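Here's the structure we're looking at; comments come further down.
Bear in mind these aren't lab numbers, they're just calculated from the coordinates by the rules spelled out. Everything numeric here is computed off the predicted structure, so don't read it as measured data. For neighbour counting, all protein chains shown are included, and Cβ atoms are generated from backbone atoms with ideal geometry for every residue, glycine included.
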Amino acid sequence: MAPVTDTSSLDGLRERLRRFAADRQWEPFHTPKNLAMALAGEAGELLAEFQWLTPEESAAVVTADPEAAARIRSELADVTNYLVHLAMALDVDLVANAHHKLDEVELRYPPGP
């Protein structure tokens, strides 16, 4: 397997995820339903890291608790990977779609005084 050279872009991540699934012959299982369910599960695992923290504790957890920080980074990576993989399965351009949604939200909630 060729090494991944693009580690800082969404395109590089998409290619690596595509190759990862292909190398393991997992594509038949990567349906939108399965990927959405996996994404929800990983989002739940991320949520569990914050569940019983106060707002102040949740804001400081990444700097105050190195073990929790490592778990949170791991869950964020899982959420990101499943989100990107789901978008690929649905042929959705995540960046363009996020900008479009932000345009809508900016119109709905204009800047305050």
Based on DSSP H assignment, which helices of the chain show an axial Cα extent of at least 20 Å together with a mean Kyte-Doolittle hydropathy greater than or equal to 0.5? 32-48
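Is the shape of segment 4-51 rounded, prolate or oblate, going by the alpha carbon gyration tensor and its root eigenvalues a ≥ b ≥ c, with a/c under 1.5 for rounded and a/b larger than b/c for prolate?
Working: a/c = 2.96, a/b = 1.37, b/c = 2.16.
Oblate.
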Okay, helix-only estimate at 222 nm for the chain: each DSSP H run of n ≥ 4 adds -39500 (n - 2.57), divide by all residues, round to 500 deg cm²/dmol; what do you get? -24000 deg cm²/dmol
Cα extents of the chain along the three principal axes, largest first, in whole Å? 48, 40, 30
Rounded to the nearest Å, what's the spacing between the alpha carbon centres of segment 87-113 and segment 14-48? Just the number, please. 23 Å
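Treating only the Cβ atoms of Lys and Arg (+1) and Asp and Glu (-1) as charged, compute the dipole magnitude of segment 1-92 about its Cα centre; round to the nearest 20 debye.
Values: 8 positive and 15 negative charges, 86 e Å.
Computed charge dipole of segment 1-92: roughly 420 debye.
Within a Cβ distance under 12 Å of E45, other residues only, what is the Lys/Arg minus Asp/Glu net charge? Display every interim value, and only then the final one.
Numbers: positive: R71; negative: E42, E49, E75, D78.
With Lys, Arg at +1 and Asp, Glu at -1, the neighbours total -3.
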